[in-house]
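One structure is given here, and the rest of the page talks about it.
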Amino acid sequence: MRIQAENLTDIVTTIFEKTGSTADEAALVAGSLVKANLMGHDSHGVGLVPTYVRHIQAGLLIPGTSAECVKDDGAIMMFDGCRGFGRRAGGEAMEAAAERCRDTGVVLMTLRNAHHIGRIGAYGEIAMAHGLISMHFVNVIDHGPTVAPWGGGEARYVTNPVCIAVPGTENTEPTLLDMATSLIALGKARVAMSKGEQMDEGLMIDADGKPTTDPSVMYGDPKGALLPFGDHKGSGLALMCELLAGGLSGGGTIQPNNPQLQSIINNMFTIVVDPARLVDMTWLQSEIDATINYVKSARPADPDKPVIVAGDAERARTAERMAAGIEINDEAWAEITATGEGVGMENSVFDVA
Ligand code: NAD
């Protein structure tokens, strides 16, 4: 089925209103999930609604929770998400860091103990809306590992995303690098499994450490593992996400002595920079224009696929999906429908095909 973004946002907003969120919080979380679908990151879209609701019902995600500032020390700000909605806590922490950055020129912000913060690009977008650059290193805890370290035959990391955001100029769109350090986000295996599809080769191993294309190995017992991107280099970056995000936020890493209550908790280590404190902005903007133009002017390896840069793919998919609607497979929609009905919504609301 296909559904327009606005209609989908309304439905998901109602689900979260019925599970304890204020109208504002419900709309924020719903809008952020739908934006992930629009950008083509279905792994971080509305397919997560049943999981979020299960976590609320189990007391592992607490609606109506603000980020708590646990340290406010000039250019260092530390927040605790207190198991509230990650998108809310992450947004509040980023807004505070961006505001502070106006005074200090650079801010090191950490967030710990937030329920799933979703697409990390959302926080880069907040920095860019303030004309700031940001870098984010994230780890994922409260459940077992899902990504093998380089050379490993079993999982030791989760998908530990990294995001770097550089604002656009009059002539150049924002550059937003936002990616898991695994070859794919775990949700992409969930989406493939729910569509009954196999994965491409080279993305994952089974529980015996052997290469496989079957996404269900990620949900078996014992589990397989996703592979890190970039061989030993991606694996090293994932480890740094553990040490920076898990260690310096105080939230903890994936190591097994930390609690695993089986929800999704993110910790984030963020650096926000005001570029105007470093260089002349007119010069920087002309360098950004020239660099992006130069990169994109490379002769494409495949003549039908011009070179693009970070952020372009998501802009193109958003334009497509805003026009054509968001496609959701039947199984995912059935789960969302069951979740909505379970919290008291009429079945007819979900009859949108
Ligand atoms: P991905 O593999 O699609 O990579 C996305 C990045 O690559 C983007 O910056 C995109 O613009 C860029 N890109 C895509 N095609 C390109 C091309 N042809 N040329 C140049 N650049 C290109 O994304 P992913 O790794 O699957 O991550 C998906 C989402 O999942 C992200 O938003 C990430 O933040 C999120 N995530 C969140 C968590 C969490 O715990 N909250 C964990 C993992 C991932």
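The values are calculated or read from the model by the stated rules, or taken from the named source; none is laboratory data. Here the structure is a predicted model, which is why all the values come from computation and not from measurement. In this analysis, Cβ positions are derived from the backbone assuming ideal geometry, glycine residues included, and neighbour counts consider all displayed protein chains. Quick note on the areas: whole protein, heavy atoms, side chains included, nothing else; ligands and nucleic acids left out. Shrake-Rupley method; radii C 1.70, N 1.55, O 1.52, S 1.80 Å.
Take every Cα pair under 8 Å whose residues are at least 6 apart in sequence, average their separation, divide by the length of the chain, and the relative contact order is 22 percent.
Computed over the Cα atoms of the range 184-223, pair by distinct pair, the Kirkwood hydrodynamic radius stands at 10.0 angstrom. Based on Cα contacts under 8 Å between residues 6+ apart, the range 184-223 shows a relative contact order of 35 percent. Considering lysine pairs in the chain that are 8 or more places apart or on different chains, how many have Cα atoms under 30 Å apart? Value for the chain: 22.
Where the accessible area of the chain is counted over protein heavy atoms with a 1.4 Å probe, how much of it, in %, is carbon and sulfur? About 54 percent, which is the carbon plus sulfur part of the accessible surface. Charge dipole (Cα centre; +1 on Lys/Arg Cβ, -1 on Asp/Glu Cβ; no other charges) of the range 251-353 amounts to roughly 540 debye. Averaging over all projection directions, the Cα-based convex hull of the chain occupies 18.2 nm² in the image plane. Computed over neighbours whose Cβ is under 13 Å from that of T213, the net charge equals -3, Lys and Arg +1, Asp and Glu -1. Computed packing ranks the peptides 158-166, 32-40, 110-118 as 110-118, 158-166, 32-40, most packed first, by mean other Cβ atoms within 10 Å. For the range 184-223, the solvent-accessible area with a 1.4 angstrom probe is 57 square angstrom per residue. Once divided by 2.2 N^0.38 Å, the Cα radius of gyration of the range 56-176 becomes 1.16. Taking the centroid of alpha carbons for each part, the range 185-232 and the range 281-353 are 23 Å apart.
Less than 14 Å Cβ to Cβ from T172, Lys/Arg counted +1 and Asp/Glu -1: what total charge do the surrounding residues give? Present the calculation step by step, with values, prior to reporting the outcome.
Numbers: positive: K296, R315; negative: E170, E173, E287, D289, D312.
Net charge around T172: -3.
How big is D for the range 289-337, in µm² s⁻¹ as a whole number, if Stokes-Einstein is applied with the Kirkwood radius of its Cα pairs at 10 °C and 1.306 mPa s? Can you show the working numbers first?
Working: Rh = 13.6 Å.
In µm²/s, the coefficient rounds to 116.
Each peptide in 81-90, 238-247, 206-215 was scored by the mean count of other Cβ atoms within 10 Å over its residues; highest first, the order is 81-90, 238-247, 206-215. Taking the average, over residues, of other Cβ atoms within 10 Å as the packing measure, peptides 323-329, 220-226, 24-30, 122-128 rank 122-128, 24-30, 220-226, 323-329 from highest down.
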